[in-house]
1. Stretched out fully, how many nm does the piece from Gln32 to Leu64 gain, at 0.36 nm a residue minus the Cα gap?
2. Amide H of Ser13 versus every other amide H placed in the peptide plane: which residues, excluding those fewer than 5 positions away on the same chain, fall under 5 Å?
3. At a Cα cut-off below 18 Å, give the lysines reachable from Lys61, other chains included and same-chain residues fewer than 8 away excluded.
4. Magnitude of the Cβ-charge dipole of the chain, K/R +1 and D/E -1, about the Cα centre, nearest 20 debye?
5. Nearest 10 degrees, 0 to 90: what angle lies between the long axis of helix 114-125 and the longest principal axis of the chain (Cα atoms)?
6. May I ask which residue of Phe116, Ser12, Leu105 lies farthest towards the positive end of the charge dipole of the chain, with charges of +1 (Lys, Arg) and -1 (Asp, Glu) on Cβ and the Cα centre as origin?
7. Could you tell me what percent of the accessible area of the chain is made up of carbon and sulfur, with a 1.4 Å probe and every protein chain present?
8. For the range 62-128, state the average projected area of the convex hull of the C-alpha atoms over all orientations, rounded to one decimal in nm².
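The values are calculated or read from the model by the stated rules, or taken from the named source; none is laboratory data. The structure displayed is predicted, hence computed values, not measured ones. Cβ placement follows ideal geometry from the backbone for every residue including glycine, while neighbour counts extend to all protein chains displayed. The area values use the complete protein model at the heavy-atom level, side chains included, leaving out ligands, DNA and RNA. Shrake-Rupley method; radii C 1.70, N 1.55, O 1.52, S 1.80 Å.
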Amino acid sequence: VSRLYMSIGPNSSFVGAGLHHPSSDSLKKFHQAIDYDGEKFAKILESQPIQSFFGELSTYKNDLKTAPRGYDTAHPHNEILRKKYISLIRELTEEEVCSDEFPQLIEDAYCRLENFHDYLEKAITFER
């Protein structure tokens, strides 16, 4: 689980976290956790600290078109289950990156992710 990832460049900068390119075992464990208590993860994603800073889970072109094998397409958390990468990303402006408040912005991002990180860590390390 990436606690915090930052990319700073002349044309694109962002801060993010999550499971990017997870192993098939980690993704399977995440799916099992969502199947068991996906409402908890959904509430974390819908929380004010996440929504106001990051918004929705990132969308990638290789997200599944339907539910993963073994899961009903009517699963209440099908949108989450279809994700191959479980990540939150926030684009950063040049003004933000160059500002004196940039270290505080990154610290704020990290603090907002605590419940997100905790859920992912438990999901992929829990032995079933």
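1. Working: separation 32, 0.36 × 32 = 11.52 nm, distance 1.63 nm.
Taking Gln32 through Leu64 to full extension adds about 9.9 nm, to one decimal.
2. For Ser13, whose amide H was placed from the backbone, the distant partners under 5 Å are Leu92.
3. Lys83, Lys84
4. Working: 15 positive and 21 negative charges, 172 e Å.
About 820 debye.
5. Taking Cα atoms only, the helix is inclined about 40 degrees.
6. Phe116
7. Here it works out to 51 percent.
8. Value for the range 62-128: 6.7 nm².
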